[in-house]
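The values are calculated or read from the model by the stated rules, or taken from the named source; none is laboratory data. All values reported here derive from a predicted model rather than from experimental measurement. Backbone-built Cβ (ideal geometry, glycine too); neighbour counts: all protein chains shown.
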Amino acid sequence: MDIHRADLAYRRRSLALLGALALLCGLGLWQWRDWLLAVQAHALASPAAEARRWLGLAIAAMLAAPVLPLALWGRSLRRLGRVAADQGRFPPREWKTYRDVRVLRGEVARVWALRSAGMGRVAQIAAGGCAAAASLALFWAKG
């Protein structure tokens, strides 16, 4: 049985980045609440068309936020599937993992490679859907 060894430095860096990202998201939500309160006060004092524009911009921003992360995640998953299929093993040799994992070979590795590539396609399609929905929200806001 072949074992793909974990990279502890990669795990530490990734967890630190994830913690920083969670902190930024918390800060963003806190600011988002204040911004929405300001928009609410502005919308109540403005004509309906102005309120519609602000609401459309807020909806478009919420829909556009996950586009880049989804697209990059999908690209990474598709690359993982392609490299694993080429090498006939999962995970590929040069990929880093959080923990020690057993290396899959043959048909099982091919199935995992196809699954990873398929989930990458799903993530990229979701990114496209979010981008299209954000565009529609912007169109609605201007209309």
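Some observations on this one:
- Of the listed requirements (1) surrounded by 16 or more Cβ atoms within 10 Å (Cβ to Cβ); (2) within 28 Å of residue 65 (Cα to Cα); (3) small (Gly, Ala, Ser); (4) modelled with pLDDT of 95 or more, residue 141 misses just one: (4).
- Residue in the range 13-20 that is in contact with a strand residue (DSSP E or B) (Cβ under 8 Å, 6 or more places away or on another chain), over 30 Å from residue 139 (Cβ atoms) and modelled with pLDDT of 95 or more present: no
- Selection count, the range 1-38, where residues are without any contact (Cβ under 8 Å) to a residue 60 or more places away in the chain, under 30 Å from residue 93 (Cβ atoms) and surrounded by 10 or more Cβ atoms within 10 Å (Cβ to Cβ): 10
- Contacts under 7 angstrom Cβ, first residue in the range 64-90 being touching a residue at least 12 places away in the same chain (Cβ under 8 Å), partner assigned to a helix (DSSP H, G or I) and of a type in the set (Lys, Arg), 6 or more apart: 74/121; 78/121; 85/110
- Tally of residues being under 18 Å from residue 1 (Cβ atoms) and surrounded by 15 or more Cβ atoms within 10 Å (Cβ to Cβ) across the range 85-99: 5
- The number of residues in the range 9-50 that are polar (S, T, N, Q), over 24 Å from the mean Cα position of the chain (by Cα) and part of a helix (DSSP H, G or I) comes to 1.
- Of the criteria (1) assigned to a loop (DSSP other than H, G, I, E, B); (2) farther than 30 Å from residue 103 by Cβ; (3) under 25 Å from the mean Cα position of the chain (by Cα), which one residue 6 fails: (2)
- Residues in the range 76-87 that are touching a Gly at 6+ places or on another chain (Cβ under 7 Å) and either farther than 16 Å from residue 118 by Cα or basic (Lys, Arg) (or both): 78 alone.
- Among all positions in the range 39-53, there is no residue which is modelled with pLDDT of 95 or more and either more than 30 Å from residue 140 (Cα to Cα) or of a type in the set (D, E, K, R) (or both).
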